[in-house]
Amino acid sequence: MSVFASALNSAGAREVTFVSGAELADLARDIPFLPLKTTQDSNSGIAERTEQDDRSARNLTDFLQATRGGAAAALLAQTRRRRAEPLAAPARVVRELRAVHDQVRPDWYVVDQIDYATTLALHALGLPFVSYVTGHPTYLVTRDDQFFGLPQAWPSAVRPSAAELAVLSTEVRLTDLALTAAFTRFLRDFAPARPVPRRAFALTSPHAAVVNYPELPWLPPLPEHQRQIFLGHCTSPEPLDDTWRARTHGRRVVLVALGTFLSARHDVLRTVVQGVLRVPEVTVVVAAGGRVAELADLAEDPRVFVESVVPQRALLPHVAAMVHHGGNNSFTECLEAGVPAVVLPFSSDQFCIAHDAERAGAGVCLDPNAARPEDVATVLRSVLSEPAPFAGLRDAVRAAGPERGAARLLEELDRA
């Protein structure tokens, strides 16, 4: 979102202010910043290292443990937690957002679609906003048979049983009802004149949504009442420093990164590295988060570099393939760089993204809890040998991007 904020600034918006948790202030490099905490949890880059209260730290540990039980277990843990804590301090968010509004007086807000406390606050205050979709486009819930937390598509390697899906389907419906009830209570008490949304997860901008994703032809229907602007990707060029240039020069590099939360699954990282090393003449770069020590023995191999954080966007133009968890940024950044992927989805929207990567020819999926080193080696050989099967999609993604999306959004807002 900080990249898009800068793009809006460059596209001619009169003034852009980036508002987020104080720990992310360094992302606002060329625009004003204001701190606003809208959730109880924080994540400043490595989830396990971010300062959290005891409850948040315990929730993170529980979530990571749930991922070991497979897709359905992870999704169940996520939806049950949402139901237990449907809104984080909505009255405080409204109060602090009103203070931000009095200070900045913006014409429009651009808000993360799944930041439900802020979306509700904007709705309660009657302030005009645009939704920004940081995950899969299905975060824009529209049909009655769509439920946040229940993937609408699955990759070939991860298919929960019918019994598991039945339980998950029941649970996400209960969570849907719980969040809608929380929205209803809040609006009744704090903004009784404002309309109550029929479903809380479907509350989105009536004007426009900016979707950090390519406009793939097989995506499910999206809300008809709003204009969707697909960015394709939301990256900005980053130079590769001399240290990493020396490490990658003349090498066939595979980048391994499972995101800020899932880097804690060092057992999966170990399996992946062992598999990659079965492919001759390949160098492995691993983003291990807080688990560098657990992988120190692997780093004794001269073909393996293990770091807590790696410059992913700067590295991607210099790698042959990437192993990632199916996060939105990893998927779209790989598309923009033309890098094929091995996708190991664990939770959230990662299953939908892994499905899209397979269907687009941009990646191959493995079950992270079942994959063996030999499985990793087999699929990695296949993606390394395939000559750019998604070149057309890569070119379309490159032709979009944050600058073009920002210009289109400003045009939409002028009309609105």
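Give the residue that is surrounded by the most Cβ atoms within 10 Å (Cβ to Cβ), with candidates limited to residues of the stretch 53-88 that are out of contact with any helix residue (DSSP H, G or I) (no Cβ under 7 Å at 6 or more places or on another chain) and not in a helix (DSSP H, G or I).
GLY70
Residues VAL196, VAL172: which one is among the β-branched types (Val, Ile, Thr) and within 24 Å of LEU76 (Cα to Cα)? Can you show your working first?
On the way: VAL196 fails: within 24 Å of LEU76 (Cα to Cα).
Criteria check complete, one pass: VAL172.
May I ask you to list pairs of residues, at least six apart or on different chains, whose Cβ atoms are under 6 Å apart, with the first in the stretch 6-30 being under 12 Å from ARG404 (Cα atoms) and the second being assigned to a strand (DSSP E or B)?
Final answer for the pair search is none.
With the structure loaded, tell me whether GLY327 is farther than 18 Å from VAL379 by Cα, outside the structural domain of THR67 (by TED's automatic domain parsing) and modelled with pLDDT under 95 or whether it fails that test.
Working: farther than 18 Å from VAL379 by Cα: yes; outside the structural domain of THR67 (by TED's automatic domain parsing): yes; modelled with pLDDT under 95: no.
Against the criterion (farther than 18 Å from VAL379 by Cα, outside the structural domain of THR67 (by TED's automatic domain parsing) and modelled with pLDDT under 95), GLY327 does not qualify.
Condition check ((1) under 30 Å from ALA124 (Cα atoms); (2) among the aliphatic types (A, V, I, L, M)) across all residues:
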| position | (1), (2) |
| --- | --- |
| ASN59 | yes, no |
| ALA73 | no, yes |
| THR79 | yes, no |
| GLU85 | yes, no |
| ALA91 | yes, yes |
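Look through THR138, THR180, THR170 and report the one residue that is free of Cβ contacts under 8 Å to residues at least 24 places away in the same chain, buried (at least 18 other Cβ atoms within 10 Å of the Cβ) and farther than 24 Å from HIS101 by Cα.
Working: THR138 fails: free of Cβ contacts under 8 Å to residues at least 24 places away in the same chain; THR170 fails: buried (at least 18 other Cβ atoms within 10 Å of the Cβ).
None of the others qualify; the one that does is THR180.
Which of the residues spanning the stretch 14-49 are part of a loop (DSSP other than H, G, I, E, B), surrounded by fewer than 18 Cβ atoms within 10 Å (Cβ to Cβ), modelled with pLDDT under 70 and not acidic (Asp, Glu)?
Once the filter is applied, which keeps residues that are part of a loop (DSSP other than H, G, I, E, B), surrounded by fewer than 18 Cβ atoms within 10 Å (Cβ to Cβ), modelled with pLDDT under 70 and not acidic (Asp, Glu), the stretch 14-49 yields GLN40, SER42, SER44, GLY45.
Which members of the stretch 125-141 meet the condition of being in a loop (DSSP other than H, G, I, E, B) and closer than 20 Å to PRO90 by Cα?
At the first step, the residues of the stretch 125-141 found to be in a loop (DSSP other than H, G, I, E, B) are 126-128, 134-136, 140-141.
Once the filter is applied, which keeps residues that are in a loop (DSSP other than H, G, I, E, B) and closer than 20 Å to PRO90 by Cα, the stretch 125-141 yields GLY126, LEU127, PRO128.
Among the residues of the stretch 131-153, what is the count of those that are out of contact with any Phe, Trp or Tyr (no Cβ under 8 Å at 6 or more places or on another chain) and not polar (S, T, N, Q)?
Taking the stretch 131-153 first, the residues out of contact with any Phe, Trp or Tyr (no Cβ under 8 Å at 6 or more places or on another chain) are 131, 134-135, 138, 140, 142-146, 149-150, 152.
Filter again for not polar (S, T, N, Q), leaving 135, 140, 143-145, 149-150.
Going through the stretch 131-153 one residue at a time, the tally reaches 7.
Within the stretch 321-337, does at least one residue satisfy the condition of being free of Cβ contacts under 8 Å to residues at least 40 places away in the same chain, out of contact with any strand residue (DSSP E or B) (no Cβ under 6 Å at 6 or more places or on another chain) and among the hydroxyl-bearing types (Ser, Thr, Tyr)?
Checking the stretch 321-337: not a single residue is free of Cβ contacts under 8 Å to residues at least 40 places away in the same chain, out of contact with any strand residue (DSSP E or B) (no Cβ under 6 Å at 6 or more places or on another chain) and among the hydroxyl-bearing types (Ser, Thr, Tyr).
Take HIS225 and decide whether it is at pLDDT below 95, surrounded by fewer than 19 Cβ atoms within 10 Å (Cβ to Cβ) and out of contact with any Ser or Thr (no Cβ under 6 Å at 6 or more places or on another chain). Before you say what the answer is, go through the steps one by one.
Details: at pLDDT below 95: yes; surrounded by fewer than 19 Cβ atoms within 10 Å (Cβ to Cβ): yes; out of contact with any Ser or Thr (no Cβ under 6 Å at 6 or more places or on another chain): yes.
Here the answer is yes, as HIS225 does meet what is asked.
Can we say ASP144 is in a loop (DSSP other than H, G, I, E, B) and not assigned by TED's automatic domain parsing to the domain that holds VAL343? I'd like the intermediate steps shown before the answer.
Details: in a loop (DSSP other than H, G, I, E, B): yes; not assigned by TED's automatic domain parsing to the domain that holds VAL343: yes.
Against the criterion (in a loop (DSSP other than H, G, I, E, B) and not assigned by TED's automatic domain parsing to the domain that holds VAL343), ASP144 qualifies.
With VAL110, VAL133, VAL211, VAL196 as the choices, which residue is β-branched (Val, Ile, Thr), more than 29 Å from ALA399 (Cα to Cα) and in the same structural domain as ALA7 (by TED's automatic domain parsing)? Full working, then the answer.
Numbers: VAL110 fails: more than 29 Å from ALA399 (Cα to Cα); VAL133 fails: more than 29 Å from ALA399 (Cα to Cα); VAL211 fails: more than 29 Å from ALA399 (Cα to Cα).
Result: VAL196 is the single residue among VAL110, VAL133, VAL211, VAL196 that is β-branched (Val, Ile, Thr), more than 29 Å from ALA399 (Cα to Cα) and in the same structural domain as ALA7 (by TED's automatic domain parsing).
Mind listing whichever residues of the stretch 363-398 are buried (at least 20 other Cβ atoms within 10 Å of the Cβ), assigned to a helix (DSSP H, G or I) and among the β-branched types (Val, Ile, Thr)?
VAL376, VAL379, VAL383, VAL397
Working only within the stretch 100-117, note down all residues that are surrounded by 16 or more Cβ atoms within 10 Å (Cβ to Cβ), more than 18 Å from the chain's Cα centre (by Cα) and β-branched (Val, Ile, Thr).
VAL100
Can we say ARG173 is of a type in the set (D, E, K, R) and touching a helix residue (DSSP H, G or I) at 6+ places or on another chain (Cβ under 9 Å)?
On the way: of a type in the set (D, E, K, R): yes; touching a helix residue (DSSP H, G or I) at 6+ places or on another chain (Cβ under 9 Å): no.
No; evaluated as a whole, the condition is false for this residue.
The values are calculated or read from the model by the stated rules, or taken from the named source; none is laboratory data. All figures in this text were calculated on a predicted structure; none of them were measured in a lab. All Cβ positions, even for glycine, are placed from backbone atoms using ideal geometry, and neighbour counts span all protein chains on display.
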